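Data first, discussion second: the structure below is written as structure tokens.
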Amino acid sequence: MQNVEPGDVAWVLVSTVLVLLMTVPGLALFYAGMVRKKNVLAIMMQSFFLCAAMTVVWMVAGYSLAFGNGNAWIGDFSRLFLNGLADGWDKPFTLGAGTTNALPTTIPESVFVMFQMAFAIITPAVVTGSCADRMKFSALMMFFTMWSLVVYAPLAHWVWSPNGWLAVMGVADFAGGTVVEINCGVSGLVCALMLGRRLGYGQENMAPWNLSYAVIGASLLWVGWMGFNSGGALGANGRAGMAVLVTQIAAAGATLSWTFAEWFLRGKPSVLGAISGAVAGLVAITPASGFVLPGPALALGLVAGAACFWTATTMKAAFKYDDSLDAFGVHGIGGMLGMLATGWFAFGPLSATKDAPAGVYFGGSSLLAVQAVAVLATIAYCASASWVLLKITDAVVGLRVTSEEEREGLDIVLHGEQVF
């Protein structure tokens, strides 16, 4: 008989708090340290405000659209305003109850709702890094409200709902390589391209205002990511333990490879490079964390650090797009690498494949093909839907502040405050 397990409830609650910590204060500090002083409060406000706004959006409709049974493409309206949550608030929750692929758990639905809410909060907050220093606050509110319902919720349904079309195909995405990382990276790139480059980009000094803030933020992200990646096990079990271990290893490997690549090519290892490398490794291991062993995790981290360094520096400079804080260069590229690596290195006993023989990999060409389909579908849908939503937002409220306002700084212009 299915029962609520206190240990599982406790771990998923702790994981939820860790994921929430990643947005406020983690991401808020990380981004604040990397913008110019005149825009510090504005970028922090974006993370803080989205934490509140996405909570309400998730409660009202996001959860229902993501995890209502619905069809293969999207959920339904049965759980609007979390309707029905009171019926079994203290009972074990079955994801996709009534469907052929239903997944029983040992936690109440309230815990699952909150854990997934934390993901719905941090994903749009990451996107703000691509459009830093130039987006209207009204545009941000309108765009991300629509984006959460039109882009994030359907993707979550495709991948994590038992009857989502990618889930039925057998996609292996433990903690959000598609739903979170590729999604926010590609959406961020579209935002950056549609907003255009910051005034003075490539000519003026746009060095980070306070890297100590960024280091503190990155440290909180690193610690919080342990819950981000292991909470998907929905319990205190061996899979959660392995997810924590490989997350740490991948982050360390990427920190080293980014640092040494920068040291070799530019003569000095920078603090900004080290913390960016850590985030790249954390991103890359996200989809793989519940499926791979330590060896592949280290290899993935080493590759991700070097690859994201190249993307965020050489490729961005070559194509001259202004992905302000490298949401695409780190999250988009890292997520793609992680998804494809999972397809090859997934380990049988860690997978959801019950009949996988012990001690062997179940990754290979078949799973790699499924992963590639998921990556391409995510890129196509995120890019096209984000473009449409940005066009709508621009027509209603306008996307970008004026040149004069941008020169003065968003802190004063949008919020009437500044850091001294």
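Brief remarks on what is shown
- Residues (small (G, A, S) and either in a loop (DSSP other than H, G, I, E, B) or touching a Cys at 6+ places or on another chain (Cβ under 9 Å) (or both)) located in the stretch 191-217: A192, G196, G200, G202, A207
- Every condition in (1) modelled with pLDDT under 95; (2) over 22 Å from G176 (Cβ atoms); (3) small (G, A, S) is met by A214 except one, and the failing one is (1).
- Odd one out for T106, checked against (1) part of a loop (DSSP other than H, G, I, E, B); (2) more than 24 Å from A10 (Cβ to Cβ); (3) in contact with a Gly (Cβ under 7 Å, 6 or more places away or on another chain); (4) touching a residue at least 40 places away in the same chain (Cβ under 8 Å): (2)
- Members of the stretch 313-336 that are surrounded by fewer than 24 Cβ atoms within 10 Å (Cβ to Cβ), of a type outside the set (F, W, Y) and in a helix (DSSP H, G or I): T313, T314, M315, K316, A317, A318
- Condition check for S47: polar (S, T, N, Q), over 19 Å from the mean Cα position of the chain (by Cα) and assigned to a helix (DSSP H, G or I): no
- Residue match in the stretch 84-92 (condition: touching a helix residue (DSSP H, G or I) at 6+ places or on another chain (Cβ under 6 Å), over 21 Å from I379 (Cα atoms) and of a type in the set (K, R)): no
- Considering the stretch 171-217, and only residues there that are of a type in the set (D, E, K, R) and touching a helix residue (DSSP H, G or I) at 6+ places or on another chain (Cβ under 8 Å), the residue that is nearest to R400 (Cα to Cα) turns out to be R198.
- Of all the listed residues (G224, G241, G188), the sole one being of a type outside the set (A, V, I, L, M, F, W, C), assigned to a helix (DSSP H, G or I) and touching an Asp or Glu at 6+ places or on another chain (Cβ under 8 Å) is G188.
- Filtering the stretch 283-301 for residues that are free of Cβ contacts under 8 Å to residues at least 40 places away in the same chain, surrounded by fewer than 22 Cβ atoms within 10 Å (Cβ to Cβ), in a helix (DSSP H, G or I) and of a type outside the set (V, I, T) leaves a non-empty set.
The values are calculated or read from the model by the stated rules, or taken from the named source; none is laboratory data. The structure displayed is predicted, hence computed values, not measured ones. Backbone-built Cβ (ideal geometry, glycine too); neighbour counts: all protein chains shown.
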